[in-house]
There are 2 protein chains.
Amino acid sequence: MSMRPVRNPLCCLLLVTLPLGIFFLCLWSLKPDRVVDVRYRFPGISEGHLRQAVWEPSEKYAHISYKVKEIVAGLLPKNGCRCEKEEPVINLPFAKHLFHQVSVQQFEQVFRETEREELKKRREQEYQQFLQRSHSSADVMIIAKANTPLEYPTQGLHVQPLKTIVIPGLSLQAPSRKLYRVNLTATLGTFDVAAEVDEVTIRGDGQVHMSLSSSRLDNLNRQLQFVTYSNTIFNPNTADTVQLETDGHQAFFVIKIRHATIPKLYSSEDQPGSKGSYNISGLVTIATKTFLRYDKLRELISSIRKYYPNVTIVIADDSDKPQKIEGDFIEQYFMPFGKGWFAGRNLAISQVTTKYLLWVDDDFIFTANTKLEKLVNILEKTTLDLVGGAVREKTGFSTTFRHQISVEQGGEEGDCLHTRMGHYHVLQGFPNCVVTDGVVNFFLARTDKVQRVGFDPRLTRVAHSEFFIDGLGILHVGSCDDVTVDHATKIKLPWSSVDENEKTYKEFRYPKSSEANVQLKQRLFYLKNRFKCMVRD
Amino acid sequence: MSMRPVRNPLCCLLLVTLPLGIFFLCLWSLKPDRVVDVRYRFPGISEGHLRQAVWEPSEKYAHISYKVKEIVAGLLPKNGCRCEKEEPVINLPFAKHLFHQVSVQQFEQVFRETEREELKKRREQEYQQFLQRSHSSADVMIIAKANTPLEYPTQGLHVQPLKTIVIPGLSLQAPSRKLYRVNLTATLGTFDVAAEVDEVTIRGDGQVHMSLSSSRLDNLNRQLQFVTYSNTIFNPNTADTVQLETDGHQAFFVIKIRHATIPKLYSSEDQPGSKGSYNISGLVTIATKTFLRYDKLRELISSIRKYYPNVTIVIADDSDKPQKIEGDFIEQYFMPFGKGWFAGRNLAISQVTTKYLLWVDDDFIFTANTKLEKLVNILEKTTLDLVGGAVREKTGFSTTFRHQISVEQGGEEGDCLHTRMGHYHVLQGFPNCVVTDGVVNFFLARTDKVQRVGFDPRLTRVAHSEFFIDGLGILHVGSCDDVTVDHATKIKLPWSSVDENEKTYKEFRYPKSSEANVQLKQRLFYLKNRFKCMVRD
């Protein structure tokens, strides 16, 4: 009974404070959201703004004459580009027959004249938006001025979105004066200090503009060792430009703002092969696409099994009335009839779960010289992403189809594509191998890299180099001529019977209207890759 | 008859010079190949070498004391990382029931103790090789020293492989002296000049080390405006560090060596929709994966057709005894039975040829509120790559499943993964939309970006955020709650019959041994993404 009076006030207190507490907690958690503007800027980034061309050489020396060194000046990028056959050094008679033909294609011509202007306009708009998505202030030219008392980092600064880092390397080496001051300004983040040093005045800590000043230079420099940057406006991959300033001097540097790069490793839980050898079935999946050539496909599979009984084979099949391929370690995928060549390739690679994939055409035949271990060894030991082998015809002639690809930057008309048979260098330690840009359709490659580039399913019929063009700058490509696969003969004797499937295959593979397929490829080069024209050497 | 004596000498001349000419042409074209070493360096790049940690603050100021500012210092990256539940600010009673659970997973524990050391070693080797493939001198920290007379570019220099550029911004602002000299050194290329200026001595033009000197500073600076760099050692994506030097002063800057970035645009040849509207069938493909739920799949398709009669629907199907789905604009792909969830997703997206793809689960139902035009509008107007909608249950409750993902860098043990429900900012101009890292399985996205990230086919059963984790730093993700799709009810009344397919579906989707699936996901987090542990808020 004596407890009663005590309990009432306590209850009242709880009945009041608990709801109030919850109310304020809610208020605190409902703080207004920051707003971010991710809309495209209009009219966008002019290409010149990003190119080095925007930098103008100082007028100060314009009066000093010079003599052009043609042999070097000729190598520089031109303003715009053109696809032309190079004039041969020596005009030999019968050159046309002695040397291979150079072909030039102007892609705009595949479109009707009436639609060209509109298509170019649409393409340019798409391209401008692509530039805005893929560029940041990390791509802009910055010049470090001479004779500045500022010391600062020019490369290597990264911060994760909404995280904080110390900015290393900041220092002021100014001549003696009464007061030393350094100002920092950013756009996508704020500055602060991780520690405070005596006799330094800090203004704007926690803001986009911070100022540090002191009458003692050493103290200011000690303080500068503790300057931090915190990203406040989220973007998964961008950069912030920091302006550093002291009396009469300015410097700029960039902090990259990016989520951590997540690796896609294929560390295996399986036991590696016995000492010195590779566990091929654990490391490699063979991928192919087939269309109405089951006899050839079965021959391929049976030849693979002679040497690699347990390697998984992935088959993308867009045949009409498909036949099931039976067997262990075989995965067959059925597609809509005639969906297409690169669609099938893209399907096949999308299903690979091993570290490497080996691409083969469905009419290849494995031989004792098809040593996948050699190809695996190269990708295990080098930074190459893809290594091609050689395809051997029944005539004995074999091809690696090594070709170089380069792109000359053009203006709004588009860029110029050059392909040329050949390679760049021989690989140290692998005398049968070279580095190049494109190879034949028999290659071993890192699965994650090939999946990242992909085979564009818009390419329905004949296509090849489009994959390597899409892979430029992404794939490190090599080619070795000592690992070969045979190519089932295409030679048809006049009296052999031709079955229905083969007829249909030929209609798709070598269409009478191959013109339509060429046009499709040219349309894509123009609209997708933004090319103006192509020279094939 | 009188011509005879003249013809003989001519014939002899040709018979001699032509073979000789061809012989020398062959010699010239067979000049020895340059050799390049692309083998992995051993022992590789230490992570510290790449991290900012390698920069040591100057010892000069070590004697000056400081007071740590905890609130900022606490935000800095730690040395290593740990996955821990954060202590709640206020320890409320029944907190466990009021707030959602925080879960922590240590991935190493999924492996047997005896194999952990070996697996970590193998993973570290894979990771080192990944670092060597993906890093270059463009990632290394560089500090610009104070009070140097050198002026030079610190960012923005790019050259295509084996091509030449002018190096802009080079200048010497030295005090008066008898002779001014500037030296340039590179590794992967050579220097030269595009033009020659009087009274400047050039040594080493065309070499990796070039020296320019003059008694007249203006002339030297004019000459510096014509300095060129030519990449000579091919690599499709790397960087060269240039050392710039003058008496007593050094500076470093980087030239990126990279093939041109080839865009993958989807400029359409089709006529855009009537003024103010979007041509949805031309812009969007709907992608889904199905497994033994044809009734739900057919309901989905019929609901789509009510609003979008012509949109292409791509179906990846790994059912046993598959049923053909008939209808225009439907593409069905048949996979090996039970091949898997992410394999099916990867297959479906690999076949999309439109600019955008809409992912839906096979048990969704389109309603009048499933306005794809709204989602298209956001991707057309912003730099977002993917925008999720909201999935509405029969109860009326709808979810956007917005979640943030962050990675704390750890050491050799691996990194720490944090996921937390929530978003970052609201989008300017789109008040119902936010920016975040991951969303629900109902989203519209740029086809090329989703194809680039891909759905890892190694994830066979339940998986979701793994896609967004693989996409960190690559995908710019948004979420809008005003575009919804309905979710077919999962509520099963006790007296309804359960068909065989549904039983099998449940066995795969909710396996009794769900432990096995959790283990698979943890194995992949550990071995593939190099995570140590995960905190799920």
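The values are calculated or read from the model by the stated rules, or taken from the named source; none is laboratory data. The shown structure was predicted, so the numbers you read here are calculated from the model rather than taken from an experiment. Note that each Cβ is placed from the backbone with ideal geometry, even for glycine, and that neighbours are counted across all protein chains shown.
If you go through the range B:381-397 one residue at a time, do you hit one that is among the hydroxyl-bearing types (Ser, Thr, Tyr) and modelled with pLDDT under 95? Yes: the range B:381-397 contains one or more residues that are among the hydroxyl-bearing types (Ser, Thr, Tyr) and modelled with pLDDT under 95. In the set (1) within 22 Å of the chain's Cα centre (by Cα); (2) within 30 Å of A:Tyr40 (Cα to Cα), B:Val376 fails one condition alone, (1). Of all residues in the range A:15-38, none that is modelled with pLDDT under 75 has its Cβ atom under 9 Å from the Cβ atom of a residue that is hydroxyl-bearing (Ser, Thr, Tyr) and outside any helix (DSSP H, G or I), 6 or more apart or on another chain. On the stretch given as the range B:370-422, residues that are touching a residue at least 12 places away in the same chain (Cβ under 8 Å), over 21 Å from B:Asp437 (Cβ atoms) and not in a helix (DSSP H, G or I) total 8.
Conditions (1) of a type in the set (Gly, Ala, Ser); (2) free of Cβ contacts under 8 Å to residues at least 40 places away in the same chain; (3) out of contact with any helix residue (DSSP H, G or I) (no Cβ under 7 Å at 6 or more places or on another chain), marked per residue:
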{"position": "A:Gln125", "(1), (2), (3)": "no, yes, yes"}
{"position": "A:Gln129", "(1), (2), (3)": "no, no, yes"}
{"position": "A:Ser134", "(1), (2), (3)": "yes, yes, yes"}
{"position": "A:Ile142", "(1), (2), (3)": "no, no, yes"}
{"position": "A:Lys145", "(1), (2), (3)": "no, no, yes"}
{"position": "A:Thr148", "(1), (2), (3)": "no, no, yes"}
{"position": "A:Gly156", "(1), (2), (3)": "yes, yes, no"}
{"position": "A:Leu162", "(1), (2), (3)": "no, no, yes"}
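Restricted to the range B:323-339, and to residues there that are in a loop (DSSP other than H, G, I, E, B) and at the interface with chain A (Cβ under 9 Å from one of its Cβ atoms), the residue that is surrounded by the most Cβ atoms within 10 Å (Cβ to Cβ) is B:Met335.
Please determine whether any residue of the range A:352-363 is modelled with pLDDT of 95 or more, facing chain B (nearest Cβ under 8 Å) and crowded, with 22+ Cβ neighbours inside 10 Å.
Yes - at least one qualifying residue is present in the range A:352-363.
B:Glu299 meets the conditions (1) in contact with a Pro (Cβ under 8 Å, 6 or more places away or on another chain); (2) surrounded by fewer than 20 Cβ atoms within 10 Å (Cβ to Cβ) in every case but one. The failed one is (1).
With among the β-branched types (Val, Ile, Thr), under 21 Å from A:Thr201 (Cα atoms) and out of contact with any Asp or Glu (no Cβ under 8 Å at 6 or more places or on another chain) as the only criterion, which of A:Val140, A:Val182, A:Val110, A:Val166 stands out?
Details: A:Val140 fails: under 21 Å from A:Thr201 (Cα atoms); A:Val182 fails: out of contact with any Asp or Glu (no Cβ under 8 Å at 6 or more places or on another chain); A:Val110 fails: under 21 Å from A:Thr201 (Cα atoms).
Step by step, each of A:Val140, A:Val182, A:Val110, A:Val166 is checked, and only A:Val166 is among the β-branched types (Val, Ile, Thr), under 21 Å from A:Thr201 (Cα atoms) and out of contact with any Asp or Glu (no Cβ under 8 Å at 6 or more places or on another chain).
The set of residues in the range B:292-318 being touching a residue at least 40 places away in the same chain (Cβ under 8 Å) and not hydrophobic (A, V, I, L, M, F, W, C) consists of B:Arg293, B:Tyr294, B:Lys296, B:Glu299, B:Ser303, B:Lys306, B:Tyr307, B:Tyr308, B:Thr312.
Tell me which residues, restricted to the range A:292-331, are among the hydroxyl-bearing types (Ser, Thr, Tyr) and closer than 21 Å to A:Asn346 by Cα. Break it down stepwise before answering.
If we filter the range A:292-331 for residues that are among the hydroxyl-bearing types (Ser, Thr, Tyr), which is where we start, we get A:294, A:302-303, A:307-308, A:312, A:319.
Once the filter is applied, which keeps residues that are among the hydroxyl-bearing types (Ser, Thr, Tyr) and closer than 21 Å to A:Asn346 by Cα, the range A:292-331 yields A:Tyr294, A:Thr312, A:Ser319.
Within the range B:42-72, the set of residues being surrounded by 16 or more Cβ atoms within 10 Å (Cβ to Cβ), over 25 Å from the mean Cα position of the chain (by Cα) and either at pLDDT below 55 or of a type in the set (Lys, Arg) (or both) comprises just one member, B:Lys69.
Note on the range A:381-435: residues that are surrounded by 20 or more Cβ atoms within 10 Å (Cβ to Cβ), over 16 Å from A:His476 (Cβ atoms) and of a type in the set (A, V, I, L, M) amount to 4.
How about the range A:91-194: which strands (runs of 3 or more DSSP E) wholly inside it have at least 1 residues that are more than 11 Å from chain B (Cβ to nearest Cβ)?
Numbers: elements: A:103-106, A:142-144, A:150-155, A:164-166, A:180-185, A:189-193.
The qualifying strands (runs of 3 or more DSSP E) are A:103-106, A:180-185, A:189-193.
In the set (1) touching a Pro at 6+ places or on another chain (Cβ under 6 Å); (2) more than 14 Å from chain B (Cβ to nearest Cβ), the condition left unmet by A:Pro309 is number (1). For the range A:438-473, a residue qualifies if it is without any contact (Cβ under 8 Å) to a residue 60 or more places away in the chain, farther than 15 Å from A:Phe342 by Cα and either within 13 Å of another protein chain (Cβ to nearest Cβ) or among the aromatic types (Phe, Trp, Tyr) (or both), and the qualifying residues are A:Gly438, A:Gly473.
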